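J.: This is the structure, below, for whatever I ask next.
The values are calculated or read from the model by the stated rules, or taken from the named source; none is laboratory data. Because the structure is predicted, anything quoted here is derived from the model rather than measured. Here the Cβ positions follow ideal geometry from the backbone for every residue, glycine too, while neighbour counts run over all protein chains shown.
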Amino acid sequence: MAMGCGYDNVFAARLAAEELRAEISRHDYLYYVLNQPEISDAEYDALMAKLRAIEEHYPELVTPDSPTQRVPGQPVEAFGVVEHRLPMLSLANAFNYDDLRAWHRRAVQLAERDDFRLVVEPKIDGLAVALVYEEGRLVQGATRGDGYRGENITENLKTLRSIPLVLRANDVPERLEVRGEVYMPKEAFERLNQELAEKGEKLFMNPRNAAAGSLRQKDPRVTASRKLDIWIYQLGWCDGPHPTSHWEILQWLRELGFRVNPENRLCYSLDEVQKTWEEWVERRHHLPYEIDGLVVKIDDLELWDRLGAVGREPRWAIAYKFPPIQATTRLLDIRHNVGRTGRINPYAVLEPVLVGGVIVKQATLHNDDYIRQRDLRIGDWVVVHRAGEVIPQVVAPVPSRRTGQERPYEPPTLCPACGTELERPPGDAFSYCPNPSCPAQSFRWLTHFVQRSAMDIEGLGEKWCEALLAAGLVEDPADLYLLTMEKLLSLERMGPVLARKILASIEKSKEQPLSRVIFALGIRHIGPENAEILANEFSSIDRLAQASLEELASLPGIGPKIAESVYKWFRNERNQKVVAKLRKAGLRLEEVTEAEPVKEGPLKGLTFVFTGTLYSMPRTRAQELVKALGARASDSVTRQTDYLVVGEAPGSKLEKARKYGTKTLTEEEFLAILRQHKVNV
């Protein structure tokens, strides 16, 4: 007989281990999902001890989904990158009922119906993750990341006992992904901070930061000690049959063994949503976890496909935020910084105050008009809140607390960085420094250019950007591509290891797509989404530079103000020289089809776009079929689009196709093309 195990042959041990795993998984579900434990902690520990004893004596019986494998013995050396099969979109915010009604009105207009149900869920203040299951077993867990690529934290997520390693149902899809929010309960957060304080270590500012920091530990044993939990809120994708409404999916996921929030509610009108929100404004304080609002989703999944997204925000859901937490403190001073476009941005220097769990010392004041309209004075007591519970801002003064010692605000007339006289364009809320050589502008432009969402040049933080400018090694971002090892080593405290890393990252940045380059140029009003629109539309920096005001202003999402900014930027002599230097350095200034290789086939060289609902197949299937024939499937209509396939209830793509003269196909005409090339549909 194997000592300490109780089983003298592997067959009996295997049967006992399987029974123990099933029993422990059942108790995990009762305790962590249903909150209905049947046994004491000591009895649970005894079951785990029996299973560990068997697996220690018969290591060949250890399975990846065993409860004993939730806390691996070896630390994870590094996080790998996970490509999300479907993007994990971020939600637009509604801060009041008018915002919510405006969102609902847009959805009704696009859907051409107003009878859809709405699902309301508590918006957990945590970290979004995606869990992938194959044949009912957990195989991958990842963070949201940038929405398209996240970090592989599978081993850490396995330490959460409310995440099933094996799904409970026998008939489960071959593969599926569920999405959830990992959070730290309030009590666990307070206990963790108390333990850190006793050790003299840095405290976490709020439960969300604590959850994020705990999940990204390289040693899963640390994650396991942090008492994290999860609510599953959505099906990401599924290779197999599943319900056709979001509400039914939530019930289905609960049956599979996932922890779905019992506070979710199905509503039949917007008024019902509002009443639910009003109830939760007070109820949220009594929950054992933090929520910062409600998520409102359209229940009909067919409408999710039809409504689509704007940028990275779905049209079929919105975050209805609670009123932000406020505090009162003293406004010590009003100072200014200079942005990369020369914009003068006022900000408040505050007597430190705790707002929503964060110590706030500075806050935005938006612009000079904002300050004047609220009659803010230096020395005032002011109300501070965090807009969306994220960005601190000064809301209003408290006039009743004035002593007469307060000083009125005087807007600056000279640039605080270079002393140049400021200009204020007609109708603009901001003043600008017109000096292109302003050191503050050069610094902000350089730090903008190297940031992760732009050219992603690692190693060049603010300190080194400042050092490069001070040493005269760069005057504008294009000069980065002229740096050499010798030049970098001339900087004080720059070593060869960091210098090589910076040069390698600069070289790698030449591969960034055109949309990233356009964003990195720092054109006023151009963010990542607008940069993508411009890249998709014009396909090269030269065509964009030559575009007329009318062409630019006609693009969806651009408009006259942004168009004028782009038009003027490319007609500035200094900016033209920057683009010329970037071209000489070898950057990608033309749009290139992404990594997915184009197959050989009869439709090679053609680009298809789909709009509306296809009755013969899902849109994703149609895209796969044209790719198999060698064509490219795109999500947006540009001048390079060859065919727009028009289904039922088409969107704005049809109007754009007519404008460009793009050939349109009915669903039947599209199917005829597939049959012509012997594709079974």
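J.: Can you name every residue in region 333-354 that is surrounded by fewer than 15 Cβ atoms within 10 Å (Cβ to Cβ) and either under 30 Å from S437 (Cβ atoms) or of a type in the set (A, V, I, L, M) (or both)?
T.: Selection gives D333, R335, N337, V349, L354.
J.: While we're on this one: Given L473, L460, which one is touching a residue at least 40 places away in the same chain (Cβ under 8 Å), out of contact with any Pro (no Cβ under 9 Å at 6 or more places or on another chain), assigned to a loop (DSSP other than H, G, I, E, B) and surrounded by 15 or more Cβ atoms within 10 Å (Cβ to Cβ)?
T.: L460
J.: A further question follows. Just to be sure before I move on: is L250 modelled with pLDDT of 95 or more and either of a type in the set (F, W, Y) or surrounded by 15 or more Cβ atoms within 10 Å (Cβ to Cβ) (or both) in the structure I sent?
T.: When the stated conditions are applied, L250 passes them.
J.: Can you tell me which of W316, W280 is buried (at least 19 other Cβ atoms within 10 Å of the Cβ) and more than 22 Å from the chain's Cα centre (by Cα)? Let's see the steps before the verdict.
T.: Values: W316 fails: more than 22 Å from the chain's Cα centre (by Cα).
Answer to the selection: W280.
J.: Working carefully through the options T276, T223, find the one that is hydroxyl-bearing (S, T, Y) and in contact with a strand residue (DSSP E or B) (Cβ under 8 Å, 6 or more places away or on another chain). Outline the logic, then answer.
T.: Details: T223 fails: in contact with a strand residue (DSSP E or B) (Cβ under 8 Å, 6 or more places away or on another chain).
It is T276.
J.: For region 263-272, give me each residue that is not in a helix (DSSP H, G or I) and not aromatic (F, W, Y). It would help to see each step written out before you state the result.
T.: Of region 263-272, the ones not in a helix (DSSP H, G or I) are 263-269.
E263, N264, R265, L266, C267, S269 - these are the residues of region 263-272 that are not in a helix (DSSP H, G or I) and not aromatic (F, W, Y).
J.: Can you tell me which residue among G141, G147 is buried (at least 21 other Cβ atoms within 10 Å of the Cβ) and closer than 26 Å to R259 by Cα?
T.: Step by step, each of G141, G147 is checked, and only G141 is buried (at least 21 other Cβ atoms within 10 Å of the Cβ) and closer than 26 Å to R259 by Cα.
J.: Just wondering, is there one or more residues in region 405-413 that are in contact with a strand residue (DSSP E or B) (Cβ under 8 Å, 6 or more places away or on another chain) and in a strand (DSSP E or B)?
T.: yes
J.: In region 11-53, what residues are aliphatic (A, V, I, L, M) and at pLDDT 85 or above? Working first, answer last.
T.: Keep residues of region 11-53 that are aliphatic (A, V, I, L, M), which gives 12-13, 15-17, 20, 22, 24, 30, 33-34, 39, 42, 46-49, 51, 53.
Once the filter is applied, which keeps residues that are aliphatic (A, V, I, L, M) and at pLDDT 85 or above, region 11-53 yields A12, A13, L15, A16, A17, L20, A22, I24, L47, L51, A53.
J.: Can you tell me which residues in region 507-554 are basic (K, R) and in contact with a Ser or Thr (Cβ under 6 Å, 6 or more places away or on another chain)?
T.: If the condition is that a residue be basic (K, R) and in contact with a Ser or Thr (Cβ under 6 Å, 6 or more places away or on another chain), then R524 is the only one that fits.
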